[in-house]
1. Which of the following residues is outside the structural domain of PRO240 (by TED's automatic domain parsing), within 30 Å of ALA227 (Cβ to Cβ) and modelled with pLDDT under 95: SER351, SER296, SER322, SER356?
2. Residues PRO353, PRO359: which one is exposed (fewer than 14 other Cβ atoms within 10 Å of the Cβ), outside any strand (DSSP E or B) and either of a type in the set (D, E, K, R) or touching a residue at least 24 places away in the same chain (Cβ under 8 Å) (or both)?
3. Looking at the range 237-256, which of the residues that are β-branched (Val, Ile, Thr) and assigned to a helix (DSSP H, G or I) is farthest from VAL298 (Cα to Cα)?
4. Within the range 200-216, is even one residue closer than 15 Å to ALA377 by Cα and either in contact (Cβ under 8 Å) with a residue 24 or more places away in the chain or acidic (Asp, Glu) (or both)?
5. Those residues that are surrounded by 14 or more Cβ atoms within 10 Å (Cβ to Cβ) and of a type in the set (D, E, K, R), I need them from the range 185-196; list them, please.
6. Looking at the structure I just gave you, is LEU262 out of contact with any Lys or Arg (no Cβ under 8 Å at 6 or more places or on another chain), farther than 21 Å from PHE95 by Cβ and not assigned by TED's automatic domain parsing to the domain that holds LYS8?
7. Restricting to the range 1-59, and then to whatever is aromatic (Phe, Trp, Tyr) and at pLDDT 95 or above, can you tell me which residue is surrounded by the most Cβ atoms within 10 Å (Cβ to Cβ)?
8. Looking at ARG314, ARG290, which one is under 34 Å from the mean Cα position of the chain (by Cα) and basic (Lys, Arg)?
Amino acid sequence: MLTVSSLKKSYESPAKRKKRTGGDDTRAYAVGGIDFEIQEGELFTLLGPSGCGKTTTLRSIAGLEKPTTGSITLGERVLFDDKKGINLRANMRGFGMVFQSYAIWPHMTVFKNVSFPLEVLPRAQRPDRAEIERRVAEVLDVIELGAYSSRPATKLSGGQQQRLALGRALVTRPELMLLDEPLSNLDAKLRESMRFELKRLQRELNLTAIYVTHDQAEALVMSNRIAVMNQGRIEQIGKPREIYTKPATRFVAEFIGTSNFLDAKVVAVRGDEVEVETAQGRLTARGVERVPAVGSAVLLSIRPESVDLTREPRGGVPNEWSGTVATRAFLGDTVDHIIDVGGGVEIRNRSNPNLSVPPGESVHFTVAPDKVIVVPAD
């Protein structure tokens, strides 16, 4: 449906870029040449830290920023192409957009906030009054604000105002919804409930949407696919489970969730099974997709919940190590243990709160081979 090709965006002139970077083109762009496609009915998330280029990418798609080079197409429509000299204005693209700030009109009622985008359409495209009322009522029912249609918009709660902003974008029936960190102004509990609310609406209405966030939990909960961005480039695109369990780079492994990292060297390869040597001992990884060569340096990523902690050794199982609990932290539904395995290396374990080992005690732990993630060292 939407195709973004070789998109670059710089806020400097070519001469200034060359002078500042010494001709190093890789450091010259806020968005440094990215490619992705979005299918109809998909919620596609741009995820990354502040300054990685995700909002600039979204604004370029919306028509609020003019990219430096590249192309953006929606079906057969070309929205931007620097080689063809095409840059369709934002109001001609027909997208719905929800901003970080709700940007609702405080002097209008809930009904008027939603109806306004229809009322300001050109006369030839504007529905008649009866159709406007019908479409607004339909949207208000979907976002569960039908009972508040005559209420001033400022008299709504934060979550209701967020839904109102979404309803105002939906009423025009856009081909594509663009959401720029729409939940970041909500408190933690409301933000969590709104994630599921937005996902429900997206599925029920079969919306095609691009969602921008720096919140990894939000991305994992809501997305069909995620593009992890870093310094203006896409590090990895995949489904949430794939991004979490099979990170392609160290940055992705570090940014998504919590992980233990160990430097290692490959000593044996048997199909998709890789045996590696670390300073603390050998480990076996199974189900490795990008199998490295024997002798190559790799980075191991092990999630805390994959570290199975016991007080007594099991014996006869792969990847069993021992250590001493350095500290522990009660997190409510889990307990985290930091285990000192020697050589200045600590391994984090995340356990059921029924298992809580005090600092100073010796413990044993295992990691299933298919939970040892092998990441390229570079």
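1. Checking each option against the conditions leaves just SER296.
2. Values: PRO353 fails: either of a type in the set (D, E, K, R) or touching a residue at least 24 places away in the same chain (Cβ under 8 Å) (or both).
Matching residue, one of PRO353, PRO359: PRO359.
3. Filtering the range 237-256 down to residues β-branched (Val, Ile, Thr) leaves 237, 243, 245, 249, 252, 256.
Within this subset, residues satisfying the condition of being assigned to a helix (DSSP H, G or I) are 243, 245, 252.
Working: ILE243: 18, THR245: 17, VAL252: 15 Å.
The qualifying residue farthest from VAL298 (Cα to Cα) is ILE243.
4. So the first thing to find is which residues in the range 200-216 are closer than 15 Å to ALA377 by Cα, and the list is none.
Checking the range 200-216: not a single residue is closer than 15 Å to ALA377 by Cα and either in contact (Cβ under 8 Å) with a residue 24 or more places away in the chain or acidic (Asp, Glu) (or both).
5. As a first pass, look at the range 185-196 and keep what is surrounded by 14 or more Cβ atoms within 10 Å (Cβ to Cβ): 185-186, 190-192, 194-195.
Scanning the range 185-196 gives ARG191, GLU192, ARG195.
6. Working: out of contact with any Lys or Arg (no Cβ under 8 Å at 6 or more places or on another chain): yes; farther than 21 Å from PHE95 by Cβ: yes; not assigned by TED's automatic domain parsing to the domain that holds LYS8: yes.
So LEU262 fits the description; yes.
7. Quick first cut of the range 1-59, residues aromatic (Phe, Trp, Tyr) only: 11, 29, 36, 44.
Filter again for at pLDDT 95 or above, leaving 36, 44.
Working: PHE36: 17, PHE44: 21.
By that ranking, first place goes to PHE44.
8. Numbers: ARG314 fails: under 34 Å from the mean Cα position of the chain (by Cα).
Unique residue meeting the criteria: ARG290.
The values are calculated or read from the model by the stated rules, or taken from the named source; none is laboratory data. Keep in mind the model is a prediction, meaning the values are calculated, not measured. Backbone-built Cβ (ideal geometry, glycine too); neighbour counts: all protein chains shown.
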